[in-house]
Amino acid sequence: MDGKKLYRSRQNRMICGVCGGVGEYFNIDPTLIRLGVALAGVCSFGTCGLAYFVAAVIIPDQM
């Protein structure tokens, strides 16, 4: 284990910082994560949006 933890980002935050945190965790551009979430939200008729806000509640904020 390399000690990486998933946090909501403070630097790459647009709404709640979930996509920025996932991008930092996987070392991927957060814009690509946001585009994927937006596409998934359209394709899932909003279910992805619900999952985003659940993740925003569960994932802790970065210190």
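The values are calculated or read from the model by the stated rules, or taken from the named source; none is laboratory data. From a predicted model like this one, the values you see are computed outputs, not experimental measurements. Neighbour counts run over all protein chains shown; Cβ positions are idealised from the backbone, glycine included.
Here is how the numbers come out for the structure above:
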quantity: Only listed residue being of a type in the set (Val, Ile, Thr) and at pLDDT 90 or above, chosen from ILE28, ILE15; calculated: ILE28
quantity: Helices (runs of 4 or more DSSP H) fully within the chain counting 2 or more residues that are surrounded by fewer than 16 Cβ atoms within 10 Å (Cβ to Cβ) and out of contact with any Lys or Arg (no Cβ under 9 Å at 6 or more places or on another chain); calculated: 30-43, 47-58
quantity: First in segment 21-41 and within 12 Å of SER9 (Cβ to Cβ), second anywhere and of a type in the set (Ser, Thr, Tyr), Cβ under 7 Å, 6 or more apart; calculated: GLY21/TYR7; GLY21/SER9; GLU24/SER9
quantity: Any pair with Cβ under 7 angstrom, 6 or more apart, that starts in segment 44-63 at a residue that is among the aliphatic types (A, V, I, L, M) and ends at one that is part of a loop (DSSP other than H, G, I, E, B); calculated: ALA56/CYS16; ILE59/LEU6; ILE59/TYR7
